[in-house]
Structure formats: structure tokens, C-alpha cells
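Heads up: the structure comes next, in C-alpha cells.
The values are calculated or read from the model by the stated rules, or taken from the named source; none is laboratory data. Just so it is clear, the structure is predicted and the values come from calculations on it, not from any experiment. Counting neighbours? That spans all protein chains shown, and the Cβs are built from the backbone with ideal geometry, glycine included. For accessibility, only protein heavy atoms count, side chains too; no ligands or nucleic acids. Shrake-Rupley method; radii C 1.70, N 1.55, O 1.52, S 1.80 Å.
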Amino acid sequence: MKKVYANAADALDGLLFDGMTIAAGGFGLCGIPELLLQAIKEDGVKDLTFASNNAGVDDFGIGILLQTRQVRKMLSSYVGENAEFMRQYLAGELEIEFNPQGTLAERMRAGGAGIPGFYTKTGVGTQVAEGKEHKDFDGETYILERGIVADMSIVKAWKADDTGNLVFRKTARNFNPPAAMCGKVCVAEVEEIVPRGSLDPDNIHLPGIYVHRLIQGDHEKRIEQRTTRKREDA
């Protein structure tokens, strides 16, 4: 089965539709599938639900789809660093389902593993628990969280072979593996596609069984900025 495609638009051909749910890898500005997000923007598909830790920044990551109003709902754990994300949320223009980061990652992993739900203590007694089933185990209260199964997942890795085995580089191995697992179809973008058999099996972070389509491309590799000021003498 063909897995390697010429570009992002070709890799997404036939997969996009209005109202779909997409799981996207990335954390802050690291490990974002930027080429696939740009292709989604150019396609014009709308009313999207994204499951992603955050939405990048205003002009990068999922933020570019917020600008074009293609996103209806976000399942996220973090709103900061994106002024448009915050504005749309506060204005009631964007639906947000907040998830603690660990819960969101486990919801993706569970969905990919065929687990419909799990109980966790995280969020008990907070707004996160509102409307969710509560159950006591050994004297402790837990809430039921449902696994996420997305129509499609998009992820960014460092290297791949032509069968879709993926290797992530350092911090980019964040939400990408669980996001890849939970999509009915997974499309991955990588910096380099290497010959089959050249990847050390012990260093493969995500088996190719989870990856259906694959592209290679150039990436911007943005970083988040930290500002400092000169220390004042006491």
C-alpha cells in the first residue's frame, strides 16, 4: 500500500470534510505538523474540532485556522500565547473543552488502544468533573474520561522509513505519538524519509502500523521566546 505522497495536499486528498474531528500533535511550538495545517487551511474545510494540547500562536500552528474561522471546537489544556484563541473563547465564538494535559494525552492513547474510557482522580472537585460519571475505588473518588477517536490525526516527526515507522526528536516526542494512535487515518510529515531497514528497531517511537500517509518537507522550526532583564543590584 502506498504511504509516501508528494506533498501535504496530496496526502490529505479525500480525507477532509466539514465537521470532522482532527487530533494534532505538538506542544507549544514544538513538533507541530505545520505543512499539513497549511494544507488544511488552503482546502477551506470548516466546522472542525481539534484535539490538541494548544493552538500554537496566532500565525502558526492551529492558530492559522482560527484566523480563518475554520475551527468550531478545541479539546485543549492550554489557551495562552494565542491572542486570537483567547479572544474567540471569551467572545463565545469558539467552543472549548478543557482537559488536564495528562488526561488529554491518555484520552488519545486510550482511543488508539481501543479503550472506550478510563477513571482518573485528576479534576475531581473542579469544573473538569462537571457532568461526568463519578465512581469510588478503595475510598477514593474518580471521574470517567472517554477515549478520543478522531476522524484523522496529523503529526510531525523527525525521520521515517517508507513503511511509516516514525522517530521523533527530543521534545517533539510530546503529544505526537498518542495523537497518531487515535486517528482513524494518520497522516505524518517528517524532515527525512530514510531507506527501509536503516532505522534501529529499538529507536522507533511509533510503529508504521499507525501511519497511513506520509510526506517529507522543510520545516520552519519556531521556538518560544523567553525574555530576560538585567539584574538590578541590591
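Annotations
- Stretchable slack from D10 to T68, in nm (0.36 nm times residue separation minus alpha-carbon distance): 18.7 nm
- Stretchable slack from V124 to T141, in nm (0.36 nm times residue separation minus alpha-carbon distance): 5.4 nm
- Separation in nanometres of the label points that stand 7 Å from Cα toward Cβ, at V185 and E97: 2.2 nm
- Computed magnitude of the charge dipole of the chain (debye, nearest 20; Cβ of K, R +1, Cβ of D, E -1): 240 debye
- Counting only aspartates and glutamates at least 8 places from K132 when in the same chain, those with an alpha carbon closer than 14 Å to its own are E97, E145.
- The stretch 84-168, accessible area per residue, ligands and nucleic acids excluded (1.4 Å, Å²): 49 Å²
- Every Cα-Cα pair of the stretch 64-122 was included, and the share exceeding 19 Å stands at 40 percent.
- Average Cα contact separation per residue, the chain, under 8 Å, 6 or more apart, as relative contact order %: 23 percent
- Spin-label pair D18/D43, simplified geometry with 7 Å Cα→Cβ offset, distance in nm: 1.5 nm
- Surface composition of the stretch 1-135: carbon plus sulfur atoms contribute 50% of the solvent-accessible area (1.4 Å probe, protein chains only, all chains present).
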